[in-house]
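Worksheet for the structure shown next.
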Amino acid sequence: QVQLVESGGGLVQPGGSLRLSCVASGRIFSIEAMEWYRQGPGKERELVAAISRSGSTNYADSVKGRFTISIENAKNTVYLQMNSLKPEDTAVYYCKSKIFSRSLLGIYWGQGTQVTVSS
C-alpha cells in the first residue's frame, strides 16, 4: 500500500509565503511524477504544478513565477514553495503521485491541506 500525506497549510496574509510538503510512504520502488492540485470554494479542481523524476517542471499560468515545486527523492517528498500569496490562492491543496509499487504503476492522492490567504 502507498500513502500520501500533505502538510504545511495554514492561514497567511496576502503577500506571505507557505511551504507545503507531501510525503509518500509504503512499498515504493520509484516515484515517476508528483503533482499539486488545488480546489477553491465553488471551483473545480485544477492542476497547479508538476514535476517528473528527472526534475522537469510545469506550472499553471496563475502561479508561474510565484510557486516552485521540488522533489527530494531520498525522503520520497515533494514540496510546493508558495510566495506572494493572493486571496485567490485560497484552496485545499492536494498531492497526486504516479508511483511504481510491486512492479505496478499506480496513481495516488493525498487527503489535502487547507491554505487560506486573508487579511
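The values are calculated or read from the model by the stated rules, or taken from the named source; none is laboratory data. Treat the numbers as computed from the prediction; the structure is a model and nothing was measured. Every residue, glycine as well, gets a Cβ built from its backbone with ideal geometry; the counts of neighbours run over all protein chains shown. Note: accessible area is taken over every heavy atom of the protein model, side chains too, but ligands, DNA and RNA are not part of it. Shrake-Rupley method; radii C 1.70, N 1.55, O 1.52, S 1.80 Å.
Some values worked out for this structure:
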| item | result |
| --- | --- |
| Candidates G40, G8 - the one that is open to solvent by 30 Å² or more (accessible area, probe 1.4 Å), touching a strand residue (DSSP E or B) at 6+ places or on another chain (Cβ under 6 Å) and not polar (S, T, N, Q) | G8 |
| Scan of the range 22-31 for residues that are open to solvent by less than 50 Å² (accessible area, probe 1.4 Å) and not aliphatic (A, V, I, L, M), ordered by number | C22, S30 |
| Residue match in the range 30-41 (condition: within 14 Å of the chain's Cα centre (by Cα), assigned to a strand (DSSP E or B), at negative phi and among the polar types (S, T, N, Q)) | yes |
| Any hit, the range 34-49, residues being farther than 19 Å from Q111 by Cα and in contact (Cβ under 8 Å) with a residue 12 or more places away in the chain | no |
| R19, sole failed condition from (1) open to solvent by 70 Å² or more (accessible area, probe 1.4 Å); (2) modelled with pLDDT under 95 | (2) |
